[in-house]
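Computed from the coordinates by the stated procedures, all read-outs in this text should not be read as laboratory data. Just so it is clear, the model here is predicted, and its values are computed rather than measured. Here the Cβ is made from the backbone with ideal geometry for all residues, glycine too, and neighbour counts use every protein chain on show.
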Amino acid sequence: MPRHTRIEDSSGGEEEGEEYEPPSQSQGRSQLTQQDLTMHAGLVCNLLLANEHKKIPTKRQDIRKLILKDQARHFPAIMKKASELMERVFGYKVKELEDKNYLLINGLGVSGGERISGTKTQAARTGLITAVLAAIFMTDTQKMKEAVMEEYLKTLGVDVQSKANPVLGNVNKLIYQDLVREKYLEVSLDKFTDPPTKEFRWGERAHLELNKKEILELVCKIYGDNMDPKMWTAQWKEVEKEASGTTRPS
């Protein structure tokens, strides 16, 4: 028979948990008390926050390593608890990616790493990311060729080949490695061109953090003359897809 006890979760409130007195050792290892659940969820939260500070996804296998093998079958419950804690305590939503890894997203559409850092470099970096993603979105295919990307960034005073930008540092590494690793961008090779060329598109983090309607409205403000977002037919269709919950374009 279980014996009830009072425990505290990370929010400071008390919850009623159960301490089991199992008839066998193997059966005892299969039980998960409320205290164990909160403890494991807290470990997961720490890992999620640490990786978000580095702006890299959290791998499912790394989360599983935090959980004792005897508790592996409770993975869904532990992740659910961790997600609840992240949103209630830290204000982040936990999003599962297509590759089964995880990202933290907050309600303001800004990633956790940006909330932690507020430097001039970070502000410039965020501005560059927004400009790049907006430019890609405004193409009819939501893809942008490498040469077009480089020319576009030159109009903003950013040389993609620069490895010593006074504010952004190594721009080439930022575009081709960092933003790809952080899942803001995806880079693929278009083999149908001669020679094959690289092209950019939104990564999973971009789809989670950015609101396409807001991006389109921002572009319209830049153009001025009270431009109606619906004038951009292809982009407005994507806005409607996003509003209806349709999955991202392939």
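Database remark: amide H of residue 198 closer than 5 angstrom to the amide H of 146, 190 (H placed geometrically; neighbours at sequence offset of 5 or more, or on other chains; Pro and chain starts carry no H). Neighbour counts of other Cβ atoms within 10 Å put 232, 202 in the fewest-to-most order 232, 202.
Its Kirkwood hydrodynamic radius, worked out from the mean inverse distance over all distinct Cα pairs, puts the range 114-250 at 15.9 Å. Checking the Cα-Cα distances for 65/191; 65/95; 80/145 against a 28 Å cut-off, the pairs over it are 65/191; 80/145.
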